[in-house]
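Here's the structure, in structure tokens; my notes come after.
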Amino acid sequence: MSIELLLALPVLLPLGGAAASLLLRHHARIQMWLSILTLVAILVVALAMGWYVTQESVLVLQIGNWTPQLGIVLVADRLTALMLLVSSFVTLTVLIYSSAQTVDERVGRTPLAIYHPTYLALVAGVSMAFLAGDLFNLYVGFEVLLAASYVLLTLGGSASRIRAATTYVIVSLLSSVIFLAAIAAVYAATGTVNLAELAVRLDGLEPGTRMMLELMLLVAFAIKAAIFPLSAWLPDSYPTAPAPVTAVFAGLLTKVGIYAILRLETLLFPASQIQNLLLAGAALSLFVGILGAVAQTDLKRVLSFTLVSHMGYMLFGIGMSTQLGMGATIYYVAHHITVQSVLFLGAGLIETRGGTTNLIKLGGMAKLAPLIAVLFFVPAMNLAGIPPFSGFIGKVGLIEAGIEYDRTSGWILIAISVITSLLTLYAIAKIWNRAFWQPASDEIISRAVVIPRVMTGATAALIAFSLLLTVLAGPIMAYSQEAASSVLERTPYVGAVLGDERAQELVYRIDDAGEKVDAR
């Protein structure tokens, strides 16, 4: 079997698993194990793909042997492989976590048979978005994961979930319409939607046309990534969903948007004229998001606002367009996917034991459920950037990149980043004080709830994975810097898809200082 066929498996396996899972809807246990084994297979494929791209840099599959300009192309480089590896582990552990929850508690009137096929369809959409070698199939990946997310968000059919899902659907459809219009405009201007071909052709367009196309795509991706001021939908949508669903949404869906922005600003529009706009969006997301988190009294809403805030860290590195900044961003994305997911799983454990996520009503969890306290404390400190966790390492990497950037906007972002980190710690301390240290009510003390070991075990496994990002920070950060160098250089990606001769037609590349220089 050709090694390139590996690229099709992260999409085909979950789609096939979803179809088989739906046929097995009357056999819940078999359906569950089929879904788990499917995600295990995807994790193995992601590991193999990661090993291969470290040897060969870029892996390309041309579906049906059509030329890249006409056919579907799947592409994996170091960045893609890392995103697939992290996302596949997160989706696997979250699925195991959710397998312990009963129909009555977490799904309500919605048949459990719907959950597994929809979940696997979501995984297929995420994988397609990461692997897509053209804008249209990136759009298809987005639509598949969004269609699945609509179903998952409304599991149970309660009034609050339907109301939250309505906002989510409207905003998602708006971003999809903008994205589709941008694809049409790009095709009209260049005659192609293939990313590698666009990297060559966009360099020759008039600056005004390039900026218009870039802004259209950026707005579509920024909505999906919940970048302020396009983030108001997220804190109202995510907290109403079941904990496993929210964990996947928070960990992955916004990161697919960040991944798309990273590709946009490196492969298609290197060192664009809107760098300051990106940095302004990063600053506003950091500061406004964390102020929203501090003001909340519900655990899930606090975490949702910290999600909006910390998207600013990733946009900070992208906006600088330097290798050091991009490398730190790639590392931080891997860290944040893991930590944000596990925090929402921890919130699910707290809700199961305490019966609520309202911080005013919670209390005494440190004494009543010490294991849950530990499982929440570790990722919470990681999110706040307490050394030596991966959150601290990623933030230090971004601050170092800001210092090297040595511009006024960079210094402002450094200051805001530090303030945001301190306010994140304050928000976490607020959660800890109210949920774990304040006296428990008689209602919580009297609750006789046994937390399934599968739920705590899956949460612990995801925490262990996040700690692995700390223990192996040196090699992973080096890998991230190599991935950053590749995406900024552009020639490895374009050469693998179109051939080295076409790669030599690139007009621009980005040097280590983030400056646009002649690539020829």
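The values are calculated or read from the model by the stated rules, or taken from the named source; none is laboratory data. Here the structure is a predicted model, which is why all the values come from computation and not from measurement. Neighbour counts are summed over all protein chains in view; Cβ atoms, including those assigned to glycine, are modelled from backbone coordinates with ideal geometry. The accessibility values were calculated without ligands, DNA or RNA, using every heavy atom of the protein model including side chains. Shrake-Rupley method; radii C 1.70, N 1.55, O 1.52, S 1.80 Å.
Data overview
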item: Vicinal HN-Hα couplings computed from phi for the stretch 472-480 (Karplus, 6.51 cos²θ - 1.76 cosθ + 1.60; Hz; Gly/Pro x); result: 9, 4, x, x, 5, 5, 5, 4, 5
item: Relative packing of peptides 331-337, 178-184, 73-79 - highest average C-beta neighbours within 10 Å first; result: 331-337, 73-79, 178-184
item: R0 of 51 Å, Cβ-Cβ distance Ala159-Val44: FRET efficiency to nearest 0.05; result: 0.75
item: Local electrostatic count at Leu135 - Lys and Arg +1, Asp and Glu -1, tallied over other residues with Cβ under 11 Å; result: -1
item: 3J(HN,Hα) from dihedral phi, the stretch 339-356, Karplus parametrisation 6.51/-1.76/1.60, rounded to Hz, x for glycine, proline; result: 5, 5, 5, 5, 5, 6, 5, x, 4, x, 5, 4, 5, 5, 7, x, x, 7
item: Residue-wise HN-Hα coupling along the stretch 212-217, computed from phi with Karplus coefficients 6.51, -1.76, 1.60 (Hz; x: Gly, Pro); result: 4, 5, 5, 5, 4, 5
item: Inter-part distance where the stretch 237-314 and the stretch 131-187 are each reduced to a Cα centre, Å; result: 16 Å
item: All lysines inside 19 Å of Lys367 as judged from Cα atoms, apart from same-chain residues fewer than 8 positions distant; result: Lys430
item: Label of the coordinate-derived value, volume of the Cα convex hull per residue in Å³, listed as (i) 154; (ii) 171; (iii) 128; result: (iii)
item: Mean residue ellipticity (222 nm) of the chain, computed from DSSP H runs ≥ 4 via -39,500 (n - 2.57), nearest 500; result: -23500 deg cm²/dmol
item: Gain in span if fully extended, Ala295 to Ala8, counting 0.36 nm per residue against the direct Cα distance; result: 98.8 nm
item: Cβ-derived FRET efficiency at R0 35 Å, Asp500 paired with Leu425, nearest 0.05; result: 0.10
item: Percent accessible area from carbon and sulfur atoms, the chain, protein chains only, probe 1.4 Å; result: 67 percent
item: Probe 1.4 Å, accessible area per residue of the chain, Å²; result: 36 Å²
item: Distance between the stretch 53-98 and the stretch 344-373 - C-alpha centres, whole angstrom; result: 37 Å
item: Pair Tyr150, Val450: separation of 7 Å Cα→Cβ label points (nm); result: 4.1 nm
item: FRET efficiency for Met212 and Leu23, using Cβ-Cβ distance with R0 set to 51 Å, rounded to 0.05; result: 0.60
item: Nearest 10 degrees, 0 to 90: helix 390-405 Cα axis against the chain principal axis; result: 30 degrees
